[in-house]
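One structure is given here, and the rest of the page talks about it.
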Amino acid sequence: MSPNKRLGNYSIISPVRNEQEHISLTLDSVVSQTVLPLQWIIVDDGSTDQTASIVSEYAKTYPWIRLIYRKDQGHGSVEGVQRGEVVKAFYEGFRYVSLEDVEFISKLDGDLVLSPDYFEQLLNRAADDAKLGIISGVAYYMYRGQRILEGTPAHFTTGAAKLYRTTCFQEIGGLVPTRGWDTLDGIRAQMRGWKTRSYPDLQFLHLRPMNARVNWNKGRMGLGFTDYLLGNHPIFELVRCIYRMTSPPYLIGGLFMLYGYIQAAVRGEKQIVTAEERRFRQKQQLRRLLELENPLRRDHRHPMC
């Protein structure tokens, strides 16, 4: 199904690296969408496996898929995350998108399985509310045979598969190449009056869980470190870490998050938010704490995620 006037159109940009085990499933998910993108720019960020070859085969059949090559800059490494290499790779693809031609831009990972109507559902909701600036579904992953939802409060949009209204994207100045970019964009959108929203009924499978590319413990420690850079209130962070102890990897994941936050604070790491953004964020967090009924309830829309 092609884009229609009511739903608008969209382009996808996917920075990928060494995804040969997963990329075919993501490609199949997108080419099966009930509303197809105008274009899909896939940026191969220095893969050393067959990722580029797999994408090339699909591009022969689907001319709206375009493969771009980028020299390896450490996209998946801890250092690469710190430098925001995934955002830099995103912008390699962004150069091939004309904002005058598209109403929405999607940043999509290469290790996902989407429902066939994922983008149609997002576009429908954006059509119903012109103030929705950034939207996404929510991710789940399989852990020891269990289906686990990745913690996502309602206002947070998942970086793996999010959709930006082009006007919102422009107003917030695009994406910032730093760790925590997929939270910072939401802060800046909300401060400018845009709504950001994730939808619990639009679930997609994340074949590689968030922050698990290196290992679970380092990933959770990185989350806490990033929370400090984003200006999280200390009380909120403590409650958030306690909540995280109830999700895999149980107990130790929350402890590593807390360690990462404290480590960044002790080092005096420079925060990536402005003073105004920090005040805005902490005010939101304290309000969410006051509204909290049960800090340990297992709910994807839980404000501690």
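The values are calculated or read from the model by the stated rules, or taken from the named source; none is laboratory data. All of these numbers come straight from a predicted model, not from anything done at the bench. All Cβ positions, glycine included, derive from the backbone under ideal geometry; neighbour counts span all protein chains shown.
Suppose we filter Ile68, Ile42, Ile54 for residues that are assigned to a strand (DSSP E or B), over 19 Å from Pro116 (Cβ atoms), touching an Asp or Glu at 6+ places or on another chain (Cβ under 9 Å) and assigned by TED's automatic domain parsing to the domain that holds Val102; which single one remains? Before the answer, list the steps.
Values: Ile42 fails: touching an Asp or Glu at 6+ places or on another chain (Cβ under 9 Å); Ile54 fails: assigned to a strand (DSSP E or B).
Sole residue among the options that is assigned to a strand (DSSP E or B), over 19 Å from Pro116 (Cβ atoms), touching an Asp or Glu at 6+ places or on another chain (Cβ under 9 Å) and assigned by TED's automatic domain parsing to the domain that holds Val102: Ile68.
Look at segment 19-29 and say how many of its residues are in contact (Cβ under 8 Å) with a residue 40 or more places away in the chain and in contact with a helix residue (DSSP H, G or I) (Cβ under 6 Å, 6 or more places away or on another chain).
2
Which residue pairs have Cβ atoms under 8 Å apart, sit 6 or more places apart or on different chains, and have a first residue in segment 128-139 that is of a type in the set (Lys, Arg) and a second that is surrounded by fewer than 24 Cβ atoms within 10 Å (Cβ to Cβ)?
Lys131/Gly193; Lys131/Trp194; Lys131/Lys195
Yes/no matrix, rows are residues, columns are (1) within 20 Å of the chain's Cα centre (by Cα); (2) surrounded by fewer than 15 Cβ atoms within 10 Å (Cβ to Cβ):
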| residue | (1), (2) |
| --- | --- |
| Asn232 | yes, no |
| Pro249 | no, no |
| Arg279 | no, yes |
| Lys283 | no, yes |
| Arg287 | no, yes |
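Go through (1) among the acidic types (Asp, Glu); (2) at pLDDT 95 or above; (3) over 25 Å from Arg125 (Cβ atoms) one by one and return the number of the condition Asp28 breaks.
(3)
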